[in-house]
Each structure stands twice: as C-alpha cells, then as structure tokens.
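Below is one structure, written out as structure tokens, with a few remarks after it.
The values are calculated or read from the model by the stated rules, or taken from the named source; none is laboratory data. These numbers were taken from a predicted model, which means no experiment stands behind them. In this analysis, Cβ positions are derived from the backbone assuming ideal geometry, glycine residues included, and neighbour counts consider all displayed protein chains. Heavy atoms of the whole protein, side chains included, go into the accessibility calculation; ligands, DNA and RNA do not. Shrake-Rupley method; radii C 1.70, N 1.55, O 1.52, S 1.80 Å.
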Amino acid sequence: MNPPNKSQLKIRTRFAPSPTGYLHVGGARTALYCYLFARQNAGEFVLRVEDTDEQRSTEDSMRQQLSDLKWLGYAYQEGVDADTLNDRGPYGPYRQSQRLAIYREYADRLLKEGKAYYCFLSDEEIAEQRAQAERAGRPHQVVSPYRNWSLKDAEKKIADGGVSPTVRFRVSDLNREYKFRDLVRGDVTFPSDMVGDFVLLRSGGMPVYNFCCVIDDALMKISHVLRAEEHLSNTLRQLMLYEALDFEPPQFGHLSIILGPDRQKLSKRHGATSVHEYRERGYLPEALSNFIALLGWSSPKGQEILSMSELIEQFSLDRLHPAAAVFDEAKLKWVNAQHLRALPHSELWNLIEPFLTRAGLQMPEDANWRERSLQLFKTSMEVLSDAVELYRPLSISGANGGFTVHDEARETLSWPSTVKVVEEWRKQLETAASKSTSAYLSEEEFATIQNNVKSNCAVKGKELFMPIRVAVLGKPHGAELKILVPLIEKSILIERAKIVLDHILRG
Ligand code: GLU
C-alpha cells in the first residue's frame, strides 16, 4: 500500500515529544529506535517539539526532555537544540507553536477544496449529541449540520462576528478502507467510518496533533515514523490527511506497549517512569539505552548486554516485535551493574563524584587512593548512587572528618574490656605509623594489628571486633573493616581512636 517514495530515498526519522511532562522511558525508547535506525542507514534524525497544547506545554518540560535526550546521547542532526533552544536544520521552525501560519495555510487549502469545513457547533451541542448516542447505545461521532454549508456562507457568518468556529475534516464522504503495512505489525486495515468528521483547527485557530503531525512529517521529509502503539488509531486520520493534501505518506511502525510487572500499562504507580528519575538515581545512559532497546527488539546474536555501538550495528526494524514488553526494574539494575563494572576507573570516578558531593562527602584527592577504593567497591555498586553509602565512612569533610560516635555504639562502649581494646588499637596504630612512611595500613598490616590487640588484651569475637569497628566507624555495624581500614589514613584512624577513648572517659 505504501510504495517506497522515490524522491525520499534518504532515511529520515523524527522524535516528536510533547513538552507536557518528563521524558517517559517509552518516549526514550521511541527516540532510541529512531536514532539507531537513522544512524545505521546514514540517515538523519530530527527532533520536533509538539507543543500545540497550550494549557499543558511548558518550556521547562521542553528543556528537561531535551536535556535528558542529550544525556542519553541520541544526537539529532535537526531540531531544537538542547542548550540554546534554537533551531538547527533546513526545515524549521521545529517547534509546532512557531509553525501556526503553515498549518493555517493548509487548512485554508482544504477549506477551499471542500475537504474541510467550518463548524459552528458549540461544546454543549456536541455534548448533547454524545449523550443521545449513549442513550441509544451507539458509538458517538459528531454529525455537524454545517458540513453542507458553502464556504461563502460560513465566511459570512464569521465576518458577522460573535462566533469562533472549528475547522473539521470531511470524513463522511470517503466511505472506504484505508490500508497500510505497519513496520512492526504487518498489514493494517481501517474502515474510514471508524471516525467522524474530526477537528483540524480548534475554535481560536489552534491546530490539533493529527493535522500538524501530517504537515510536518511531509514538509520535513520524514521517511519512517516510529511511535507508540497508542497512535495506531491516529494513523487512519493521518492517512486521510496525506491523501487530501496530496502528500506521500511515510512508512509507519507502531511499537509494542510497555507494561509494568502486573501487566498493566506502565505508569507512575509502578515507580519511576521518567528518564530523569533514572538519571538522578545513578543509572548510566548506555545501560538505560541497552535496557529499553530490549523492550520491543532483540539482538540477532541473543546479547543482553550491548554497547551503543553494538546497538547501532545490530538494530533492525525487522526484529521489532509487536508483543507487549514488561518493564522489569530488577533487570534494569542488573544491566546497569554490568555497564558500570565495565567502565574504566577514571571515568567511573568522575561519574560517582557528583553523587558523593551532593551527599556532602569529600574524598582524598589521591588518584591512587581512588583507584584502590574503586577496585574494592566496584562490585558492590549497581547504580552510581550506591557509592554514597559505601564511601560515607571514608569521607574527610567536616569536623573530625565527619567522624562521630553514634548512639548505636553505646552498648559496645559499656563493656568493661572496650577501653582496653581501643587503647591497644591506638597504640598499635601509633607503632605502625612510626615504623612505615606509608600513610595507609595494608590489609596484612591491619590483620597483624588486630591479632596483636587480640593477644595483648586477651579478648576475642565480639569483644575484639565491635570496639575496633566503633573506633573506625563510630558504630558497631557497617562495611567490612578489612576493606575500609586500608583506605583511611593511619593518622585519621589514630584521631578517631582518641575521640572514642575521650567519649568513654567522659562517660
Ligand atoms: N507528540 C506525540 C506524542 O508525544 C507524537 C506522536 C507521533 O510520534 O506522531 O505522543
């Protein structure tokens, strides 16, 4: 039904978000597929902002969505620039609110050709029609008495003032089937009477989505429209408009729906659904892309972990499948952990540092120390924000480097042997500090010191470990000491032991 358009051999895809909220993971998946398909075919990817819903569209939302797309790395050749919000490319403006004159021109053309008409039905009259249809148990379609008015009569009524008509598309004469081959679902057929005469321009002149979308996709020379399944039924109206405007339709692909774990459509109730939230929680853009790519597509090599370049190389439209995909957060976490562990340490450090800073933590400025700490912590991190709790005991910010004796330490501190153990720990540390110039204990030195404390104080088990933990962490629980101690300078360990001893003495 859709012969390839000879004049449009170039592959051009577009992502057309409405700036009425955050970028949803489903939207990000659409953007990713459009990006991948254009990239691998040396085509162009266009970003168009669909902001004709004046009540719900905001510039903040547009900025946020563009910034999230940039973070994801889906670079587009044309569209609204994420940083400057300026247009880039030859087919602008790329914001629909700045294209109103264009839509008006096409509406006038359809009016002149008799394919559309002015409709003066009020909202109340339409509501009454709907109520009547409901009472009669039939589906509601607007039947406008104005559909047979001549354009001249309608224009005269407008000139007389006091009315603000809509412009409706004249569907009811078409009376036939519309067919197209969906790239994901195969052949689709819609009878034209599925829809009534639909609005192109609202009263006040603002155009509706279906109208703008067709004009823009045609003028922007879009070859492939990939979008959410929920737009499948809009495709009927759009095909009617392509025909009426004498435009060549693009190829359409309607992507599988995304469900939550309870198999209901993914929504806020299932938890985070915005790219922004995942970004804030410390997911990596490549991991999120990897994960969402697999919601509706599968790798021909059966890979679950794919880099962006592998996605570009392996993606193909024929592996898009129509079956609903389930958004499994546990899997996303796992995918993220795999990507995180594969990062070079210097890059990983740069990524976790903002999370540490935001949590008020400060780490030593020592590259070697950072390297050692990542070596030890990397496998305990699934998302970047996990670094905060892992690194917290190592922070050197604030009074006493942020060290305090916590309430939880009270019981340990009340044991008669504790003061002896902490005192011996301090002594052993001082001896170690005087013997070697290294600022840190090695794991072996720490084991030796612990053994010395054990034999010199004649304590074992809890009575040995808990007081040392309190002397290092300020509390008797937390990460393994053999990992933490070699990351804390000896002088700081001595300071902390002194603080704990003071605390005991002061009662
Ligand atoms: N602005 C529409 C949306 O956000 C785009 C639909 C389309 O891709 O045609 O759902």
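If packing is taken as the average count of other Cβ atoms within 10 Å, what order do 267-276, 495-504 fall into, highest mean first?
Descending packing order for the listed peptides: 495-504, 267-276.
Quick one: length gained pulling Arg109 to Asp187 fully straight, 0.36 nm per residue minus the C-alpha distance?
Result: 25.0 nm gained on full extension.
Before anything else, pin down the relative contact order of the chain: Cα pairs under 8 Å, at least 6 apart, normalised by residue count, whole percent.
This gives 12 percent for the chain.
Taking the Cα centre as origin and putting +1 on Lys and Arg beta-carbons and -1 on Asp and Glu beta-carbons, what dipole magnitude results for the chain, to the nearest 20 debye?
520
Taking the Cα centre of the stretch 150-306 as origin, sum charge times position over the Cβ atoms of Lys and Arg (+1) and Asp and Glu (-1), and report the length of that vector in debye to the nearest 20.
300
If amide hydrogens are placed 1.01 Å from N in the peptide plane, which non-local residues have theirs closer than 5 Å to the one on Val171?
The list, which skips near neighbours in sequence, is Asp197, Phe198.
What order do Arg279, Arg63, Arg170 take when sorted by accessible area (1.4 Å probe), most exposed first?
Result, largest first: Arg63, Arg279, Arg170.
Using r as the Cβ-Cβ distance of Ala42 and Ser455, and R0 as 60 Å, what FRET efficiency do you calculate, to the nearest 0.05?
For R0 = 60 Å, the calculated efficiency reads 0.25.
So, in nm, how far is label Arg176 from label Val419 when the simple model puts each one 7 Å beyond its Cα toward the Cβ?
Those two pseudo-labels are separated by 9.9 nm.
Taking the alpha-carbon distance from Lys490 and a cut-off under 19 Å, which aspartates and glutamates remain once sequence neighbours fewer than 8 residues away in the same chain are dropped?
Output for Lys490: Glu365, Asp366, Glu371, Glu423, Glu424, Glu430, Glu443, Glu444, Glu445, Glu480, Asp502.
Which residue, Ile102, Tyr117, Gly21, has the largest displacement toward the positive end of the dipole of the stretch 1-135 when charges sit on each Cβ (Lys, Arg +1; Asp, Glu -1)?
The residue sitting most towards the positive pole is Ile102.
Could you sort out which of Lys112/Lys179; Lys420/Lys462; Lys435/Lys462; Lys112/Lys221 sit more than 20 Å apart by Cα distance in this structure?
Lys112/Lys179; Lys435/Lys462; Lys112/Lys221
Positive end of the charge dipole of the stretch 390-489 (Lys, Arg +1 and Asp, Glu -1 on Cβ, about the Cα centre): tell me which of Gly402, Leu487, Val422 has its Cα farthest that way.
Val422
Report the one residue of Phe169, Val326, Trp349 whose Cα lies farthest in the direction of the positive end of the charge dipole of the chain (charges on C-beta: Lys and Arg +1, Asp and Glu -1; origin at the Cα centre).
Val326
Of the cross-linked pairs Lys454/Lys482; Lys301/Lys331; Lys331/Lys482; Lys378/Lys482, which ones have a Cα-Cα span greater than 24 Å in the structure shown?
Pairs exceeding 24 Å: Lys331/Lys482.
At a probe size of 1.4 Å, how large is the accessible area of Phe120, to the nearest 10 Å²?
My reading of the accessible area for Phe120 is about 30 Å².
To the nearest 20 debye, what is the magnitude of the charge dipole of the stretch 425-507 about its Cα centre, counting +1 on the Cβ of each Lys and Arg and -1 on the Cβ of each Asp and Glu?
Around 300 debye, computed over the stretch 425-507.
By DSSP, what percent of the beta bridges with both residues in the chain are antiparallel, rounded to the nearest 5?
Just about 55 percent of them are antiparallel.
Quick check: residue separation of Arg410 and Ser380 times 0.36 nm, minus the Cα distance between them. What number comes out in nm?
7.9 nm
Rounded to the nearest 10 degrees, what's the angle between the helix 462-473 long axis and the longest principal axis of the chain, both from Cα atoms, 0 to 90?
Approximately 60 degrees, to the nearest 10.
By how many nm would the segment from Ser298 to His270 lengthen if fully extended, with 0.36 nm per residue of separation less the alpha-carbon distance?
Extra length available between Ser298 and His270 comes to 7.7 nm.
Give the long-range amide H neighbours of Arg12: residues separated by 5 or more places, or on another chain, with amide H under 5 Å away, using H modelled in the peptide plane at 1.01 Å from N.
Correct list: Glu44, Ser223, His224.
Starting with the highest mean, order 106-114, 83-91 by the number of other Cβ atoms within 10 Å, averaged over the residues of each peptide.
Peptide ranking by packing, descending: 106-114, 83-91.
Quick one: accessible surface of Thr189, probe radius 1.4 Å, all protein chains present, in square angstrom to the nearest 10.
Accessible area, nearest 10 Å²: 70 Å².
Express in Å², to the nearest 10, the accessible area of Lys115 obtained by rolling a 1.4 Å probe over the protein heavy atoms while all chains stay in place.
Result for Lys115: roughly 70 Å² accessible.
Relative to the first principal axis of the alpha-carbon coordinates of the chain, what is the inclination of helix 123-136, with its axis defined by its Cα atoms, in degrees from 0 to 90 and to the nearest 10?
Tilt of helix 123-136: around 90 degrees.
Using only Cα atoms and rounding to the nearest 10 degrees, what angle (0 to 90) does helix 329-341 make with the longest principal axis of the chain?
Compared with the principal axis, the helix lies near 60 degrees.
Helix-only mean residue ellipticity at 222 nm, the chain, DSSP H runs n ≥ 4 weighted -39,500 (n - 2.57), per residue, nearest 500. What is it?
My calculation for the chain gives -14000 deg cm²/dmol from helical runs alone.
Given points 7 Å out from each Cα along the Cα-Cβ axis, report the Glu430 to Leu351 separation in nanometres with one decimal.
So the label points at Glu430 and Leu351 sit 4.5 nm apart.
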